[in-house]
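The values are calculated or read from the model by the stated rules, or taken from the named source; none is laboratory data. Not measured: the values here are computed from a predicted model. Every residue, glycine as well, gets a Cβ built from its backbone with ideal geometry; the counts of neighbours run over all protein chains shown.
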């Protein structure tokens, strides 16, 4: 079963361009190294300032687990800290159809 | 620029299976007929009952416009009414990277 994730990330004012460059590097690694990842797209809210949402799709729960356990994701973890304005909000969703 | 959409759809209690069958038919048509659609995945909330989220990605704003103007999407519109518990909440997001 496909798994969806919507991760909402609020960052500190003025750090948008630097955060986007950082995240784009991570997204490239996800796309290149995770065969079970179907989509991994950073997006920016049109209504809430300094707010990003990552739209993610995995082919199954194992693929999501592989994402969380990947060397590139673990390595990127500490890199988020300088940008964050709060704890990210991560919603997991069960794919249908 | 990639465009993301998260459409939140709340349906009436007990109508889940019938709604899922209806929506799966629409999703199939989107995937088969819209070259600018990158992802169109129905998902179900793990925390909110009777709540679905459609995770959508389009290659650009024109592709999103083509989705809204498509014959299959327009034809499906009235089919949502018997399931809905309220007006769907559609969030548009600007892709980054």
Query raised in the report: Restricted to the range B:28-41, and to residues that are in contact (Cβ under 8 Å) with a residue 24 or more places away in the chain and buried (at least 18 other Cβ atoms within 10 Å of the Cβ), which residue is farthest from the other protein chains (Cβ to nearest Cβ)?
Result: B:34
Query raised in the report: What number goes with the only condition from (1) within 11 Å of another protein chain (Cβ to nearest Cβ); (2) touching a residue at least 40 places away in the same chain (Cβ under 8 Å); (3) closer than 16 Å to residue A:96 by Cβ that residue B:10 does not pass?
Result: (1)
Requested in this report: Please go through the range B:42-93 and pick out each residue that is in contact with a strand residue (DSSP E or B) (Cβ under 8 Å, 6 or more places away or on another chain), in a loop (DSSP other than H, G, I, E, B) and crowded, with 16+ Cβ neighbours inside 10 Å.
Outcome: B:50, B:59, B:83
Query raised in the report: How many residues are touching a helix residue (DSSP H, G or I) at 6+ places or on another chain (Cβ under 8 Å) and either at pLDDT below 95 or within 9 Å of chain B (Cβ to nearest Cβ) (or both) when one looks only at the range A:45-55?
Result: 1
